[in-house]
Amino acid sequence: MNRVTDDGFRFLPGHLDRAAQEALVAVVARIAEEAPFTRFVMPRTGRPFSIDMTNAGSLGWIADRQSYRYSPVQPANGRPWPAIPEPLLRLWRDLSGYAHDAECCLINHYRGEGARLSLHRDEDEEDFDAPIVNISLGDTGIFRLGGPARRDPTRSFAVESGTAMVFAGPSRMFYHGVDRLRVGSSRLLPEGGRLNLTLRRVTRG
């Protein structure tokens with residue numbers, strides 16, 4: 001059931017049908033040909049994430065021992081990130097209601113057991129007025145959503161393939177994460193796992 005909360009969070013299961021999901025998987029595969037998935041490390045600890053990442057757009061989110069930040073080029077080869085494909089820009093325009101296009105599509109690949117993303121909030125951008133649009137493909141993720149402070153109460157719920165979520169208004173700065181996957185719950189991805197795409201505006205319009 002579609003749900004919009006008072007804090008601006010929109011939960012839209014089934015937003016993409018199977019054909020649309022398959023089309024986006026093909027889009028991601030083309031992005032990964034130009035910008036291969038990589039395993040970033042956390043600045044403070046140097047420990048690798050448990051998920052692989054890549055980007056499309058004029059800016060890509062990266063992490064290394066130096067910092068979390070956005071970069072116009074791929075760290076591995078210095079090449080620009082591929083442009084955000086039109087199907088993803090259409091999703092941004094349809095769901096964000098924002099006047100300016102997304103500048104980054106961060107793509108996280110959860111490959112199976114042990115893949116997770118700890119509680120965090122997206123705060124490396126300049127423009128917090130722009131929503132974040134989140135698209136899930138593949139295995140169901142157990143998503144955790146908190147509040148504006150790290151110690152706020154959290155709630156967990158299943159996010160199935162084809163779900164869109166929009167973080168707007170106060171929810172734009174809410175802590176969130178992925179606790180685990182229901183491995184094998186989807187056959188969308190040839191090798192299994194889950195893709196999570198987050199469309200973001202980075203600079204002020």
Quiz item: Hey, among SER161, SER136, SER118, SER185, which residue is over 24 Å from SER96 (Cβ atoms) and surrounded by 15 or more Cβ atoms within 10 Å (Cβ to Cβ)?
Solution: SER185
Practice problem: Look at the stretch 109-148 and say how many of its residues are on the phi > 0 side of the Ramachandran plot and among the β-branched types (Val, Ile, Thr). | Solution: 0
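Table: residues versus (1) of a type in the set (D, E, K, R); (2) surrounded by 15 or more Cβ atoms within 10 Å (Cβ to Cβ); (3) closer than 27 Å to ARG187 by Cα.
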| residue | (1), (2), (3) |
| --- | --- |
| ALA29 | no, no, yes |
| ASP64 | yes, no, no |
| PRO72 | no, no, no |
| PRO87 | no, no, yes |
| SER96 | no, yes, no |
| ARG111 | yes, yes, yes |
Self-check item: Number of positions in the stretch 44-71 that are closer than 17 Å to GLU125 by Cβ and not β-branched (Val, Ile, Thr)
Solution: 14
Self-check item: Test: ARG18 is loosely packed, with under 12 Cβ neighbours inside 10 Å, closer than 24 Å to ILE142 by Cα and of a type in the set (Lys, Arg)
Solution: yes
Quiz item: Tally time: how many residues in the stretch 182-200 are out of contact with any helix residue (DSSP H, G or I) (no Cβ under 8 Å at 6 or more places or on another chain) and either hydroxyl-bearing (Ser, Thr, Tyr) or closer than 15 Å to ILE135 by Cα (or both)?
Solution: 7
Exercise. Under 8 Å between Cβ atoms, at least 6 apart or on separate chains: pull out the pairs that start in the stretch 149-162 with a residue that is in contact (Cβ under 8 Å) with a residue 12 or more places away in the chain and end on any residue that is surrounded by fewer than 12 Cβ atoms within 10 Å (Cβ to Cβ).
Key: GLY162/ASP17; GLY162/ARG18
Quiz prompt | Some residue of the stretch 170-189 being farther than 14 Å from PHE11 by Cβ and modelled with pLDDT under 95 | solution = no
Quiz item: Any idea how many residues of the stretch 65-99 are over 17 Å from the mean Cα position of the chain (by Cα) and among the β-branched types (Val, Ile, Thr)?
Solution: 1
Quiz item: Given the stretch 9-84, what strands (runs of 3 or more DSSP E) lie entirely inside it while holding 2 or more residues that are in contact (Cβ under 8 Å) with a residue 24 or more places away in the chain and either over 20 Å from VAL178 (Cα atoms) or touching a helix residue (DSSP H, G or I) at 6+ places or on another chain (Cβ under 6 Å) (or both)?
Solution: 52-57, 68-71
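The values are calculated or read from the model by the stated rules, or taken from the named source; none is laboratory data. What you see is a predicted model; the values in this text were computed from it and never measured. Cβ: placed from backbone, ideal geometry, glycine included. Neighbour counts: every protein chain shown.
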